[in-house]
Amino acid sequence: MIEQLADRNAAGKTNSSPIKIAVHLKINGAAYNLEIEPRVSLLDALREFAGLTGTKKGCNQGACGACTVLVDGDRINSCLALAVQYEGTEITTIEGLANDGELHPLQAAFVEHDGFQCGYCTPGQICSAIGMFKEFQNNLPSAVSLDMNGEYDFCDEEIRERMSGNLCRCGAYVGITEAIHTAFDEAAR
């Protein structure tokens, strides 16, 4: 019986390569026309096909946040998303945050406050913080929000809770929190 199954499997095999489809993505304001398999994650499309290696692959299962990017301004874990899902959206990676060579205010604050050590998680931390602040401005509560009517205090506890999906193995959390305050305190008022 096993031999019959093996013979049937061998007879049914073809030497064709996997099916690839055209995927058109808008990343950091530029159009990318990729020819990829439908199962390619957004993270792999960014790194391997678009050549944008700033977004990092950490756990590859949505637990560490190293792969966080912005899609239409909202943060997502790109390792859990298929690239084909994001046609027609604006994807922003760490490479797309600087403006004409000038760092995004949050990037500058990370440098000023030593918000990184090895730097591996930093692109995801920065993209996540930008998405997190948009959530805060849109009055979305977190698990520590005391007032469910949209009046939240942009305090350390609120920031730590909202950034809890991004891990830093080096433990640079104090610098990360200080950088987020520096970049966004004025706008939070």
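The values are calculated or read from the model by the stated rules, or taken from the named source; none is laboratory data. Here the structure is a predicted model, which means the values were calculated and not measured. Neighbour counts are summed over all protein chains in view; Cβ atoms, including those assigned to glycine, are modelled from backbone coordinates with ideal geometry. All accessible areas refer to the heavy atoms of the entire protein, side chains included, with ligands and DNA or RNA removed. Shrake-Rupley method; radii C 1.70, N 1.55, O 1.52, S 1.80 Å.
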Scanning the stretch 115-146 residue by residue, those of a type in the set (Ser, Thr, Tyr) and under 16 Å from Ser164 (Cβ atoms) turn out to be Ser128, Ser142, Ser145
So, Ala129, is that one touching a residue at least 24 places away in the same chain (Cβ under 8 Å), farther than 23 Å from Gly58 by Cβ and of a type outside the set (Val, Ile, Thr) or not?
no
Subset of the stretch 15-39 [at positive phi and not in a loop (DSSP other than H, G, I, E, B)]
none
Taking the stretch 34-65, which residues are closer than 15 Å to Tyr120 by Cα, open to solvent by 40 Å² or more (accessible area, probe 1.4 Å), without any contact (Cβ under 8 Å) to a residue 60 or more places away in the chain and touching a Leu at 6+ places or on another chain (Cβ under 9 Å)?
Thr53, Lys57, Cys59, Asn60
